[in-house]
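Before any comments, here is the structure.
The values are calculated or read from the model by the stated rules, or taken from the named source; none is laboratory data. Because the structure is predicted, anything quoted here is derived from the model rather than measured. Note that each Cβ is placed from the backbone with ideal geometry, even for glycine, and that neighbours are counted across all protein chains shown.
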Amino acid sequence: MIQEFPHFPQGKAAIFSAPGSPFKLINGEVPALSEGEILVKNLYTTICGSDVHTYCGHRKEPDNVVLGHEIVGDILWHHPSAQIKDLNGNSTNTGDRIVWSIFAAPPTSVPPHPDMPQKSAGLFKYGHAPAAGNDIFNGGLADYCILKSNTAFLKISKDIPLKVAATISCAHSTVAGALRIAGEIKDKRIIIFGAGLLGLSCSAMCREAGAKNVVLVDTDESRLKWHNSFGADEGMLFADIQSGTKQTEGDIIFDITGHPEAMKTGIDCLCLGGYAIWIGAVFPANAVQVDAEKIVRKLLTIRGLHNYNYQDFIAATSFVERFYQQYPFEQLVEKEFTLDDVEEAFGFAANQKPVRAGVKIS
């Protein structure tokens, strides 16, 4: 059944066509909604590292896409007769603030494994889909986003800063998934390679999970300055570990970087029976040269994670709700832009390499 939005609002969207081509700002009309869809007024979008990789040509997305999947917004409309509940079973109304999963799995699709809905066949991903015809409001860099009927979303407090809330749907949820597959964190020695938003979130989550010791590793000394603020005991330069100038051993290592040398070095830092959790390798890179005998003799485990599942999304949202005032996540959005300045925003993100740049949607 088609459910028409009563006023058919006009909205703006930023279309990315290809690396090296400027964004194109277009105006479009919100189409009639299909049954179960929700119209959201986007409020804020943060530029994820994968968006930057796409912008720079390091990874491929469809031509003509509305980028942005770290998004927060307010419900603008759904059919008055529909009983819309969030993933926690809470009833929602127009005006409620929500965050939503990066993906929507078709209701008839069976995931390849019960805890992997993000790998279901026929998956739709916000900020990764072609924008064509009247289907342009499907990403964060637009005035609106139309949520598919099977999208997992959560109602959140309006007290949470927009800059922080937006990052739940990618960075924090992915990290929550990484902790899930790592197993018990309490009393473990943790080493985190990569001190961007995901690494700092990982540090804070591990601290709250009772880690015995947390070490943050990065190539950028300016990022390591955050280690105390996000629960890490120490920050180390990657070059010092790789050269042997500094030594550290961990029960669990998390690689956020996706760089082969960092992943190899992480394996070398693991103790007997250790776990390596890889979540950063989401772009083409050289193969990781690991010592197979070391893996076998030390009984090491390597696990990868791409995106996250529904329980990870719930866990991340709960974590942010509880700790957004304790950890200075808001300060990690180093510069804010408007949708009209999206080209400048991506140039800043690509060249200055901030932890995050933010786009405020008016």
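Just wondering, is there one or more residues in region 72-82 that are surrounded by 21 or more Cβ atoms within 10 Å (Cβ to Cβ), under 20 Å from the mean Cα position of the chain (by Cα), hydrophobic (A, V, I, L, M, F, W, C) and within 26 Å of ASP255 (Cβ to Cβ)?
No, every residue in region 72-82 fails to be surrounded by 21 or more Cβ atoms within 10 Å (Cβ to Cβ), under 20 Å from the mean Cα position of the chain (by Cα), hydrophobic (A, V, I, L, M, F, W, C) and within 26 Å of ASP255 (Cβ to Cβ).
When the residues of region 149-193 are filtered to those that are surrounded by fewer than 22 Cβ atoms within 10 Å (Cβ to Cβ) and either at pLDDT below 95 or in contact with a His (Cβ under 6 Å, 6 or more places away or on another chain) (or both), which remaining residue is nearest to ALA82 (Cα to Cα)?
SER149
Enumerate the pairs (first residue in region 43-70 and acidic (Asp, Glu); second residue anywhere and assigned to a strand (DSSP E or B)) with beta-carbon separation below 6 Å, excluding pairs fewer than 6 apart on the same chain, so at least 6 apart or on different chains.
Going by the 6 Å Cβ cut-off, the qualifying pairs are GLU70/THR46.
Filter region 96-114 down to the residues that are modelled with pLDDT of 95 or more and either outside any loop (DSSP other than H, G, I, E, B) or surrounded by fewer than 16 Cβ atoms within 10 Å (Cβ to Cβ) (or both) and list them by number.
Selection gives ARG97, ILE98, VAL99, TRP100, SER101, ILE102, PHE103, ALA104.
How about region 266-313: which of its residues are of a type outside the set (S, T, N, Q) and under 16 Å from ALA209 (Cβ atoms)? Break it down stepwise before answering.
Step one: list which residues in region 266-313 are of a type outside the set (S, T, N, Q), which gives 266-285, 287-288, 290-300, 302-306, 308, 310, 312-313.
Residues satisfying the conditions are TYR275, ILE277, ASP312.
If the requirement is being surrounded by fewer than 22 Cβ atoms within 10 Å (Cβ to Cβ), touching a Cys at 6+ places or on another chain (Cβ under 8 Å) and not assigned by TED's automatic domain parsing to the domain that holds ALA105, which of these qualifies: THR219, THR248?
On inspection, the qualifying residue turns out to be THR248.
Name the residue, out of LYS158, LYS163, that is touching a helix residue (DSSP H, G or I) at 6+ places or on another chain (Cβ under 6 Å) and under 27 Å from LEU197 (Cβ atoms).
Residue meeting the stated conditions: LYS163.
Test of understanding: among ALA281, ALA276, ALA287, ALA262, which residue is in the same structural domain as LYS225 (by TED's automatic domain parsing), more than 30 Å from PHE137 (Cβ to Cβ) and surrounded by fewer than 17 Cβ atoms within 10 Å (Cβ to Cβ)?
Going through ALA281, ALA276, ALA287, ALA262 in turn, just one is in the same structural domain as LYS225 (by TED's automatic domain parsing), more than 30 Å from PHE137 (Cβ to Cβ) and surrounded by fewer than 17 Cβ atoms within 10 Å (Cβ to Cβ): ALA287.
May I ask you to verify whether VAL40 is in a loop (DSSP other than H, G, I, E, B), within 21 Å of SER149 (Cα to Cα) and not assigned by TED's automatic domain parsing to the domain that holds PHE283?
no
Which one of the conditions (1) over 30 Å from THR317 (Cα atoms); (2) touching a helix residue (DSSP H, G or I) at 6+ places or on another chain (Cβ under 9 Å) does HIS58 fail to meet, given that it meets all the rest?
(1)
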